[in-house]
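The values are calculated or read from the model by the stated rules, or taken from the named source; none is laboratory data. Since the model is a prediction, treat every value here as computed from it, not as a measurement. Cβ sites come from the backbone with ideal geometry, for glycine too, and all protein chains shown count toward neighbours. Areas reflect the complete protein model, heavy atoms only, side chains present, ligands, DNA and RNA absent. Shrake-Rupley method; radii C 1.70, N 1.55, O 1.52, S 1.80 Å.
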Amino acid sequence: MSYNSIRTIVSTVAGVILIAAYIIYALGTNSPAPENLKSWATVMLVFIGIGAAALIIIQVLFHIALAIGIAVREREHDGKTVERIISSSMVEDERDKIIGLRSSHVGYICVGTGFIAALVALASGMANAVALHVLSGAFAVGSIMEGIVSVYYYEKGVRNG
Amino acid sequence: MAKRLIITNNIRRLRFFANEMTQLELAERAGASRQTIVALEAGKYTPSLEMAFRIADVFGVPIGEVFECRSEEENS
């Protein structure tokens, strides 16, 4: 499995854990009242901030782990060669961009579907907080689907065009 | 509707005859990552025209010697 696949899987799993943590909080006794949109929005912003910070930490740790892994695996080579291998692993070339483009397409479909579902929830008289959760859930699902599709293309392969 | 084309390459063989060039060296000279070269050789990626020409330039051969294509019907 390639470095990009492993990194994407780790990021996606971290996202799933964060979503699970949010669901546990939302269904718990300390969650805000359904009509209190301001509190729900604040809670969501906090979780988004935690998610962003977690993602940055994961990326940093992954780069460090990659550098150490390559240095150990290629220890028969000199330091300069190891540096070149590390640099080459972190280059984002056209293949990465194509896979990113195709996986984000799936993410956009999820978000678009979630937006329509949120509108349907509002139109059918559900609480505003429900619509907010449907929309944010769509973003979360879209992000997870992007990761899954990305790993699929990295492992199975992709054609240019 | 246009027939689907299957594109293959001779990169591994050309690397061998180019003084056993490594995948890393080819990646650096072609402006790609080593993982992309690995994917190319495994048939898991079809490059853009620009990258295909760059790889051909690295080996100093025409692009037709690096990449070959045939239709899906011929393959079956």
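Worth a mention:
- Counting the residues of region B:31-50 that are closer than 18 Å to B:Ile6 by Cβ, among the aliphatic types (A, V, I, L, M) and open to solvent by less than 50 Å² (accessible area, probe 1.4 Å) gives 2.
- Qualifying residue in region A:35-46 (condition: assigned to a helix (DSSP H, G or I), exposed (fewer than 14 other Cβ atoms within 10 Å of the Cβ), in contact with a Pro (Cβ under 8 Å, 6 or more places away or on another chain) and modelled with pLDDT under 95): yes
- When A:Gly28 is tested against the conditions (1) within 14 Å of chain B (Cβ to nearest Cβ); (2) loosely packed, with under 12 Cβ neighbours inside 10 Å, the lone failure is (1).
- Residue count for region B:36-76, restricted to those that are within 13 Å of the chain's Cα centre (by Cα) and of a type in the set (Ser, Thr, Tyr): 4
- Residue match in region A:52-68 (condition: under 30 Å from A:Ala127 (Cβ atoms), part of a helix (DSSP H, G or I), of a type outside the set (Ser, Thr, Tyr) and touching a residue at least 24 places away in the same chain (Cβ under 8 Å)): yes
- Sole exception among (1) within 13 Å of another protein chain (Cβ to nearest Cβ); (2) within 13 Å of the chain's Cα centre (by Cα) for B:Ser33, by number: (2)
- Cβ pairs under 6 Å, 6+ apart, first in region B:36-61 and farther than 15 Å from B:Leu26 by Cα, second surrounded by 21 or more Cβ atoms within 10 Å (Cβ to Cβ): B:Tyr45/A:Arg95; B:Tyr45/B:Ala39
- Any hit, region A:87-109, residues being touching a strand residue (DSSP E or B) at 6+ places or on another chain (Cβ under 8 Å), of a type outside the set (A, V, I, L, M, F, W, C) and either away from every other protein chain (no Cβ under 11 Å) or farther than 30 Å from B:Arg29 by Cα (or both): yes
- Taking (1) among the acidic types (Asp, Glu); (2) farther than 16 Å from A:Lys97 by Cβ; (3) at the interface with another protein chain (Cβ under 9 Å from one of its Cβ atoms) in turn, B:Asp57 satisfies each apart from (3).
Residues are listed down the side, and each one gets a yes or a no for (1) under 30 Å from B:Ala30 (Cα atoms); (2) within 14 Å of another protein chain (Cβ to nearest Cβ); (3) among the small types (Gly, Ala, Ser):
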| residue | (1), (2), (3) |
| --- | --- |
| A:Thr8 | yes, yes, no |
| A:Ala14 | no, no, yes |
| A:Ala20 | no, no, yes |
| A:Trp40 | no, no, no |
| A:Ile57 | no, no, no |
| A:Lys80 | yes, yes, no |
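- Taken together, the residues in region A:95-142 that are open to solvent by 80 Å² or more (accessible area, probe 1.4 Å), within 20 Å of A:Ala41 (Cα to Cα) and either in contact (Cβ under 8 Å) with a residue 40 or more places away in the chain or in contact with a Gly (Cβ under 8 Å, 6 or more places away or on another chain) (or both) amount to 2.
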